[in-house]
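Working notes, structure below.
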Amino acid sequence: MNFRERLEWLMRMCLLVFVLAAAAFLSAVMAMRFAIQGREVDMPNLAGKTAADVQQLLAARGLQLKIADRIYSDLPVNTVVRQSPPAGEHMKVSQDAHVVLSLGPQNVVVPELEGDSLRVARIQLLQVGLQVGEVTALPVPNLPDDSVVQQNPPSGTRASSPRVNLLVAQGNPPVAYIMPWLVGMQLADADRLITSGGLKLAKTNLSSSPEWPKGTIIEQSPSLGVKVTSETPIEVTIAQ
């Protein structure tokens with residue numbers, strides 16, 4: 001076999017190897033696609049079914065039940081009121097199906113809580129079978145801390161959920177300052193500066209820095225210009 005024949009044979013072999021590799025790659029892609037599709041199921045309709053029935057229905061499809069909330073409704077207790085994702089949506093096996101379960105009918109009227117303290121509001125809700133939901137604090141001058149400013153749902157309405165969300169007063173916010181530049185100062189001078197401004201030095205670190213005079217501040221946190229209060233911990237590093 002001369003050189004030309006050897007070259008042609010080698011090219012044919014390379015082409016054959018390429019074709020076989022391409023076929024193997026396409027087969028792997030198709031197998032992977034079928035495998036992925038095989039792990040997908042349709043989300044069933046869960047509305048109106050009991051939690052026990054839903055658990056079995058989802059388990060048969062490889063899905064998991066996750067209770068997102070419970071609300072009052074005209075449906076029997078532990079019956080699905082809402083679901084997410086909706087029925088018919090494609091789901092991957094082992095994904096969660098989120099449901100909202102019924103607590104049954106509720107005729108409780110939400111009491112008046114605005115103006116009460118958070119502690120008193122909590123007690124009042126427990127007395128009628130309700131509970132405090134999300135509590136959001138808002139700085140409100142001239143109001144006692146933890147006094148209820150607003151409630152949702154409002155008083156006098158029938159509760160659709162066992163939880164009542166509250167907005168409470170936080171009182172006057174602490175005075176804010178602008179963080180000064182401390183790097184290059186001696187520790188005693190920096191301490192006097194921040195103390196005179198109502199701030200406090202929380203932590204001091206030591207670092208070997210021959211290029212700086214001993215006892216000089218070489219790093220600070222927070223940095224220059226950051227808004228701080230008397231509650232903000234200030235940390236400095238001093239040349240050793």
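Just to confirm my filter: which strands (runs of 3 or more DSSP E) fall fully inside the stretch 123-240 and include at least 2 residues that are surrounded by 15 or more Cβ atoms within 10 Å (Cβ to Cβ) and at pLDDT 85 or above? Spell out how you get there, then give the answer.
On the way: elements: 131-138, 148-152, 163-169, 176-178, 200-207, 217-221, 227-229, 233-239.
Result: 131-138, 148-152, 163-169, 217-221, 233-239.
Restricting the first residue to the stretch 205-228 and requiring it to be under 18 Å from Leu193 (Cβ atoms), which pairs with a second residue that is of a type in the set (Asp, Glu) and modelled with pLDDT of 90 or more meet a Cβ separation below 7 Å and a spacing of at least six or different chains?
Between residues of the stretch 205-228 that are under 18 Å from Leu193 (Cβ atoms) and residues that are of a type in the set (Asp, Glu) and modelled with pLDDT of 90 or more, the close pairs are Ser221/Glu235.
Residues being at pLDDT below 90 and outside any strand (DSSP E or B): count how many of those fall in the stretch 39-60.
Number satisfying all stated conditions: 1.
Residue by residue, here is whether (1) out of contact with any Ser or Thr (no Cβ under 9 Å at 6 or more places or on another chain); (2) in the same structural domain as Ala51 (by TED's automatic domain parsing); (3) surrounded by fewer than 16 Cβ atoms within 10 Å (Cβ to Cβ) holds:
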| residue | (1), (2), (3) |
| --- | --- |
| Arg82 | yes, yes, no |
| Pro86 | yes, yes, yes |
| Lys92 | yes, yes, yes |
| Asp96 | yes, yes, yes |
| Val108 | yes, no, yes |
| Glu112 | no, no, yes |
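Go over the candidates Pro162, Pro85 one by one and state the one that is under 21 Å from Leu58 (Cα atoms) and either among the hydroxyl-bearing types (Ser, Thr, Tyr) or out of contact with any helix residue (DSSP H, G or I) (no Cβ under 7 Å at 6 or more places or on another chain) (or both).
Of the residues listed, the single one that is under 21 Å from Leu58 (Cα atoms) and either among the hydroxyl-bearing types (Ser, Thr, Tyr) or out of contact with any helix residue (DSSP H, G or I) (no Cβ under 7 Å at 6 or more places or on another chain) (or both) is Pro85.
The values are calculated or read from the model by the stated rules, or taken from the named source; none is laboratory data. These numbers were taken from a predicted model, which means no experiment stands behind them. Virtual Cβ from ideal backbone geometry, glycine too; neighbours counted across all protein chains shown.
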